[in-house]
Amino acid sequence: MFQLKWIWENLKGYRGRYIFALCLTVTGQIMYIINPIFSQKIVDTFIYSENALQNISERKNLLITLCLCMIGFTLIRTSLQFTSNMLYEKCSQGMLSKIRSFLFMNVQRQDMAFYDHNSTGDLMTRLSGDLDMVRHTVAWIIKTFVECIVLYLTTSIYFFCLDPLMALCLIALTPLIFIISWVFKKKVGPKYVDLRERMSQLNSQAQENIAGNRVVRAFAREDYEIERFQEKNKEYSRANKEAAMTWLDFFPYIETVAQALTVVQLIAGGIFVINGRLTMGEYVAFGGLIWTLSNPMRSVGTLINDFQHFLASANKIIEVYYSRPLITDRVDAVSMPDRFKGEIEFRNVTFAYSDGTKVLDDVSFKIKPGETVVIMGETGSGKTTLVDLIPRCYDVQKGEVLVDGVNVRHMKLHELRKNIGVAMQDVLLWSDTIEGNISFFDSDMPMEDVKRFATLADADEFISKLPEGYDTIVGERGVGLSGGQKQRISLARALAMRPSILILDDTTSAVDMETEQVIQHNLRDLDFSCTKLIIAQRTSSAKNADRIMIIKDGKISEFGTHEELLKNKDGYYSEIYRLQNGGEKEAV
């Protein structure tokens, strides 16, 4: 089975200890038949023998030796079980840590399309609950399965050695267990697949609600969100109950067959003792080991139940484990270790998302190094998608995107992206200090450089006024910063890369006009060469740019300077300029 093979691959480094633990388990289970052998000897020699009193008197040392051996083997068996359990736990926890680290690294390497199809809540479920089920399989399910098999086979062999007919009477019930278990497996498997999906939906609902708690409060929708969560919670509870009830439906049959062994042992064993076929010691041995047949039968249902749960979880983990990004370095990727000049060119670029929605259609333009270009257009026109193609967040279906004359597909991703600084409108700040957020690209950045880039983003003044200054913790659980303050920290973080290409996606949308003018002035006077692509909605952000690009329906409808675009009285830019400036006319 592929899932078990996958587990074995990830036990690398722990395989020796795990195999040793399995050997200890096998040895410990085999030792269960030793004490009944001694019990049989004691009963036949010192209790039910015609010369029992004489044997006690004359062979007292044998009796003491047998009793001490029973105690000794019990202690040894217990020690083996304890040692094996410790090894199972260490191996499973080590494997769990290894898989979780690999999954996290693999998730980090995925391209944007991966996140378009996998929710945060679902990924968190795979990294937590699903992984714990894998650990449970290694530490308990496999161990218990081996225990049941070894115990059942060892006892069966011993019973056949004592009396074949009695052994057949007891083992005859085994086929019933296998039939019941097979039917149970068929019914419970789909239940756990559904349960896994419900758990993922529940976690996604909780994650989205917690992340968006401010929006919920702003719209006074707490009751609505609680109701939505309760619906998901009820669905998960229902799926959980269905899976549990499936097991409970089969439990009486398995338990009845297991208990029937005791009845068979009492009736058949009693008859054989009366007929002289069995000695009383052999009957006691059968009675003392009857549980080693019934317990594995009882465990079959639980093992199948947990194993089906494991399969549902493992399949979800394996999807991410073996998922590989579509956007990777080519084998013949061009190495460009030096700083980029910053030239950008689109040649007949067409792009559509995986669902078939076309966003860009035959787009061509060229931006010179150091040039500032503002991109404007209606919502959904393709502005953000266009800039996402430069650092290869997505790859084009047709055409080419070139940086410094080289197709970005032919570049090494790390070298490409370390030359591109990005600041988005929807800001994500890490739960770290402001200094840590700004110096995210270079954690060893000197403090004076952190302050310099904060000043360029017009953020130093408000940061210095905070009680802890640059040591202030921000993020989800940090101090409450305004949208404009977060945008300026994000801009400082992008500038701290000293990028050859700076992409700003409506980064100053939440700041006032005065602050925006300061930032624009600072961006014009950077002490390093930088090509700037700025997505903006305000003409105040565009008028001083070298050129302005208007995107409409996935095509470039206008491209020129502020003055050139104003000449087109029916153009998008001219209309927006009039709307934002109260119909004011500008001499051109």
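Any read-out appearing in this document is the output of simple, stated calculations on the displayed coordinates, not a laboratory observation. Since we're looking at a predicted model, the values are computed, not measured. Every residue, glycine as well, gets a Cβ built from its backbone with ideal geometry; the counts of neighbours run over all protein chains shown.
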Hey, rough spin-label estimate for ASP449 and PHE104, points 7 angstrom out along Cα→Cβ, what's it come to in nanometres?
-> 2.6
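Please state, as a whole number in µm²/s, the translational diffusion coefficient that the Stokes-Einstein equation yields for region 18-62 at 20 °C and 1.002 mPa s, with Rh defined as the Kirkwood radius across alpha carbon pairs.
Details: Rh = 12.4 Å.
In µm²/s, the coefficient rounds to 172.
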How far apart, in nm, are the 7 Å Cα→Cβ label points at CYS161 and ALA244?
-> 4.4
What ranking, highest mean first, results for peptides 407-414, 492-499, 22-29, 386-393 when packing means the other Cβ atoms within 10 Å averaged over each residue?
-> 492-499, 386-393, 22-29, 407-414
Kindly list the residues of region 536-558 that lie in the label zone of GLU378, defined by a backbone N under 20 Å from the point 7 Å along the Cα-to-C-beta vector.
-> 536-539, 549-558
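Okay, helix-only estimate at 222 nm for the chain: each DSSP H run of n ≥ 4 adds -39500 (n - 2.57), divide by all residues, round to 500 deg cm²/dmol; what do you get? Don't skip to the answer; put the middle values down first.
Numbers: 24 runs with 351 residues, N = 588.
Theoretical 222 nm ellipticity from helices: -19500 deg cm²/dmol.
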For region 499-588, the Debye formula with one identical point scatterer on each Cα and no solvent gives log10 I(q)/I(0) at q = 0.13, 0.25 Å⁻¹ as -0.46, -1.43
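Please label the shape of region 311-451 as rounded, prolate or oblate, based on the square roots a ≥ b ≥ c of the eigenvalues of the alpha-carbon gyration tensor (a/c under 1.5 means rounded; beyond that, a/b larger than b/c means prolate, else oblate).
Numbers: a/c = 1.41, a/b = 1.02, b/c = 1.38.
Verdict is rounded for region 311-451.
On a full-extension model of 0.36 nm per residue, what is the gain between LYS234 and ASN348, subtracting their alpha-carbon distance, rounded to one decimal in nm?
Details: separation 114, 0.36 × 114 = 41.04 nm, distance 5.15 nm.
Here the segment from LYS234 to ASN348 would lengthen by 35.9 nm.
So if each residue of separation counts as 0.36 nm, and I subtract the Cα-Cα distance between ASN407 and SER79, what length gain in nm does that give?
Details: separation 328, 0.36 × 328 = 118.08 nm, distance 6.51 nm.
Contour length minus the Cα-Cα distance gives 111.6 nm.
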What percent antiparallel are the DSSP beta bridges of the chain, to the nearest 5?
-> 50
Whole-Å semi-axes of the ellipsoid equivalent to region 40-185 (Cα gyration tensor, √5λ, descending) = 53, 22, 8
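How big, in percent, is the set of alpha carbon pairs in region 371-489 lying more than 25 Å apart? Kindly include the intermediate steps, with their values, before the conclusion.
Numbers: 2727 of 7021 pairs.
The calculated P(r) of region 371-489 puts 39 percent of pairs beyond 25 Å.
Which whole-number percent gives the relative contact order of the chain, counting Cα pairs below 8 Å spaced six or more residues apart? Spell out each step's value before the answer.
Numbers: 816 pairs, mean separation 78.6, N = 588.
The normalised contact order for the chain reaches 13 percent.
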Quote to one decimal, in nm, the extra length available between ASP512 and ILE19 on full extension: 0.36 nm per residue of separation minus the C-alpha distance between them.
-> 170.8 nm
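Hey, what did region 448-588 get for relative contact order, percent, Cα under 8 Å, at least 6 apart? Write out the running numbers ahead of the final one.
On the way: 146 pairs, mean separation 23.4, N = 141.
Relative contact order of region 448-588: 17 percent.
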When the distances between all Cα atoms of region 143-247 are binned every 5 Å from zero, what whole-number percent does each bin get?
-> 2, 10, 12, 12, 11, 9, 8, 7, 7, 6, 5, 4, 3, 2, 1, 0
Can you give the angle from 0 to 90° between the axis of helix 447-456 and the longest principal axis of the chain, with both taken from C-alpha atoms, to the nearest 10?
-> 50
List, in order, the whole-Hz ³J(HN,Hα) value for each residue of region 306-322 obtained from phi through the Karplus relation with A = 6.51, B = -1.76, C = 1.60 and θ = phi - 60°; use x for Gly and Pro.
-> 5, 5, 5, 4, 4, 4, 4, 6, 4, 4, 5, 5, 4, 4, 6, 4, 9
What spacing in nm lies between the two simple spin-label points modelled at PHE440 and LYS90, each 7 Å away from Cα in the Cβ direction?
-> 4.0
Would you please give the residues with an amide H less than 5 Å from that of GLU558, counting only those at least 5 places away or on a separate chain, with H modeled from the backbone geometry?
-> ILE550
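Is the shape of region 223-328 rounded, prolate or oblate, going by the alpha carbon gyration tensor and its root eigenvalues a ≥ b ≥ c, with a/c under 1.5 for rounded and a/b larger than b/c for prolate? Can you show the working numbers first?
Values: a/c = 6.25, a/b = 2.37, b/c = 2.63.
It comes out oblate by the Cα gyration axes.
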Assigning unit charges at the beta carbon (Lys, Arg +1; Asp, Glu -1) and nothing else, what dipole magnitude in debye, to the nearest 20, does the chain show about its Cα centre?
-> 1980
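I need the calculated FRET efficiency for the pair ASP570 and ARG524, taking r as the beta carbon distance and R₀ as 25 Å, to the nearest 0.05. Intermediate values should be presented prior to the final figure.
Values: r = 31 Å, r/R0 = 1.23.
Here the calculated transfer efficiency is 0.25.
Work out the FRET efficiency for PHE2 and ILE226 from their Cβ-Cβ distance, taking R0 = 56 Å, and round it to the nearest 0.05. If you can, show how the numbers build up before the last one.
Numbers: r = 41 Å, r/R0 = 0.73.
For PHE2 and ILE226, the calculated efficiency is 0.85.
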Expressed as a percent, the portion of alpha-carbon pairs in region 19-99 spaced more than 23 Å apart is 43
P(r) of the chain over all Cα-Cα pairs, 10 Å bins starting at 0, rounded to whole percent, reads 3, 12, 17, 18, 14, 10, 8, 7, 6, 3, 2, 0, 0
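Show me 450-456, 53-59, 423-429 ranked by packing, highest mean number of other Cβ atoms within 10 Å first.
Details: 450-456: 20.9, 53-59: 12.3, 423-429: 16.9.
Put in order of decreasing packing, that is 450-456, 423-429, 53-59.
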